[in-house]
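The values are calculated or read from the model by the stated rules, or taken from the named source; none is laboratory data. None of these values were measured; they are calculated from a predicted model. When we count neighbours, we look across all protein chains shown, and the Cβ atoms used for this are built from the backbone with ideal geometry, even at glycine.
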Amino acid sequence: MGILGIAFVSACIYFWSMQQHYIFEPTNDLQTTPERVGLKADELRIKSGTGSESGELFSWWIPVDASGAPTMLYLHGNDKNVGYYRELEYAREMHKLGYNVLMIDYRGYGKSTGGQPSEAKVYEDAESAWNYLVKQRALVPNRIFIYGHSLGGAIAIDLAVHHPEAAGIIEESSFTTMTAMSNIDYGFMPTSLLIHERFDSLSKISQLKIPLLIIHGTWDRTVPTQMAQQLYDAAPEPKTLKLIKGGDHEDNCIVARVECRQIFSSFVSQNLH
């Protein structure tokens, strides 16, 4: 094996072993709090996992006054936490629309405990949050909507597939598969063989049995807009795709605040049971 061959194999080994560090970029510092943006919230610690990998999910429960209001289970992306300005700005918009909001940090993010994140663990964390809403808060499942941004969208799809009793799923700025995302920067590698944190939303989304709303910016420089179309094409009805003109990866409902309010409000009202 020549020098180039050795270098290529070494690069593949490095990619295999380090991919979790590229996929998950946990941040621990909270930029702000619900109170600072005008929201009243209860600070929670939701238990998740078993054995040595178990931990507590630092979470915020942001309720509205109305009894029986719909609830958003909020799943953030790979490099955020519940204390990021963007996340709380979105939560505030949801709250203004009359929704309870549960925001969670996966294990390893923010103030959550339980070691480093992985694909299996973030799925388990989302399930723990769902169980908290249904079992501890005794909320009716068909009034719970699952919202996920970017990586959170992939987590939301996995959770929604396992909970056809949910009211609906809103997926924003998310991708088809982690392999497809890796091919953007590492297409020279056999990524389909090397990726073990697969987040294969493209194959899962066809299994959905609840209404789906996909939101994606036309100027998204992180996740290509065509991935939103691919997810939409693979999903069963009922489904809706909304492309936000000029929206980038993180700011769709900031650059198009009024439009997003209408999109959210329409989707939720149409799918409440």
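Observations, loosely collected:
- So THR113, is it of a type in the set (S, T, N, Q) and in contact with an Asp or Glu (Cβ under 8 Å, 6 or more places away or on another chain): yes
- For GLY153, the stated conditions hold: it is of a type outside the set (Lys, Arg), modelled with pLDDT of 95 or more, in a helix (DSSP H, G or I) and within 19 Å of ASP79 (Cα to Cα).
- Residue pairs meeting the criteria (Cβ under 7 Å; at least 6 apart or on separate chains; first in contact (Cβ under 8 Å) with a residue 40 or more places away in the chain and farther than 16 Å from GLU89 by Cα, in the stretch 256-273; second part of a helix (DSSP H, G or I) and charged (D, E, K, R)): LEU272/ARG143
- Top-ranked residue of the stretch 168-205 - restricted to ones that are among the aliphatic types (A, V, I, L, M) and modelled with pLDDT of 70 or more, ranked as nearest to ARG143 (Cα to Cα): ILE169
- Complete set of residues in the stretch 1-48 that are out of contact with any Phe, Trp or Tyr (no Cβ under 9 Å at 6 or more places or on another chain) and at pLDDT 95 or above: GLU35, ARG36, GLY38, LYS40
- Within the stretch 49-57, none of the residues are in contact with a Pro (Cβ under 8 Å, 6 or more places away or on another chain) and either part of a helix (DSSP H, G or I) or modelled with pLDDT of 95 or more (or both).
- Matching residues in the stretch 59-91 - criterion: being within 16 Å of ALA126 (Cα to Cα) and surrounded by fewer than 17 Cβ atoms within 10 Å (Cβ to Cβ): none
- The set of residues in the stretch 231-259 being touching a Pro at 6+ places or on another chain (Cβ under 9 Å) and either more than 23 Å from ALA160 (Cα to Cα) or assigned to a helix (DSSP H, G or I) (or both) is empty.
- Options GLN136, GLN116; residue that is modelled with pLDDT of 95 or more and surrounded by fewer than 21 Cβ atoms within 10 Å (Cβ to Cβ): GLN136
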